[in-house]
1. Tell me which residues, restricted to the stretch 82-96, are within 10 Å of residue 33 (Cα to Cα) and either buried (at least 21 other Cβ atoms within 10 Å of the Cβ) or in contact with a strand residue (DSSP E or B) (Cβ under 7 Å, 6 or more places away or on another chain) (or both).
2. Can you name the residue in the stretch 33-67 that is within 13 Å of the chain's Cα centre (by Cα) and assigned to a loop (DSSP other than H, G, I, E, B) and is also nearest to residue 102 (Cα to Cα) among such residues?
3. For residue 98, all conditions in the list (1) over 16 Å from residue 30 (Cβ atoms); (2) outside any loop (DSSP other than H, G, I, E, B) hold save one; what is the number of the exception?
4. Scanning for something in contact with a helix residue (DSSP H, G or I) (Cβ under 7 Å, 6 or more places away or on another chain) and either free of Cβ contacts under 8 Å to residues at least 12 places away in the same chain or surrounded by 15 or more Cβ atoms within 10 Å (Cβ to Cβ) (or both), does the stretch 41-54 turn up at least one residue?
5. Among the candidates 71, 29, 91, which residue alone is in contact with a helix residue (DSSP H, G or I) (Cβ under 6 Å, 6 or more places away or on another chain) and at positive phi?
6. For residue 103, work out the one condition from (1) closer than 21 Å to residue 14 by Cα; (2) in contact with a strand residue (DSSP E or B) (Cβ under 9 Å, 6 or more places away or on another chain); (3) modelled with pLDDT of 95 or more it doesn't fulfil.
């Protein structure tokens with residue numbers, strides 16, 4: 001969902017970080033929202049290669065990542081580095097909100 005207003009993005013950020021006391025808890029809040037709202041699996045193109053985004057995960061040292069697969073191969077890619085397809089998957093506004101919040 002592209003083109004959210006500043007007010008809409010701020011509202012999503014507030015929902016994600018509600019009751020979070022520090023940055024780690026805030027990132028966890030975004031992870032929960034992405035797990036709940038981002039429609040997976042979906043197809044994306046990473047470095048010119050079609051991959052399937054199977055799920056999102058929270059990895060220590062990497063933050064929120066998309067778990068991408070192609071055949072037997074699996075790769076974690078930072079959710080903010082993942083090129084989204086057109087149209088983007090349902091729930092992608094949470095990626096926009098995470099980007100807006102800026103870890």
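The values are calculated or read from the model by the stated rules, or taken from the named source; none is laboratory data. These numbers were taken from a predicted model, which means no experiment stands behind them. Positions of Cβ are generated from backbone atoms using ideal geometry, with glycine treated the same way; all protein chains shown enter the neighbour counts.
1. Passing the criteria: 94, 95.
2. Taking the candidates together, the pick is 62.
3. Just one mismatch for residue 98, condition (1).
4. Step one: filter the stretch 41-54 for residues in contact with a helix residue (DSSP H, G or I) (Cβ under 7 Å, 6 or more places away or on another chain), giving none.
No - not one qualifying residue is present in the stretch 41-54.
5. Values: 71 fails: in contact with a helix residue (DSSP H, G or I) (Cβ under 6 Å, 6 or more places away or on another chain); 29 fails: at positive phi.
Selected residue: 91, the only one of 71, 29, 91 that is in contact with a helix residue (DSSP H, G or I) (Cβ under 6 Å, 6 or more places away or on another chain) and at positive phi.
6. With respect to (1) closer than 21 Å to residue 14 by Cα; (2) in contact with a strand residue (DSSP E or B) (Cβ under 9 Å, 6 or more places away or on another chain); (3) modelled with pLDDT of 95 or more, residue 103 is out only on (3).
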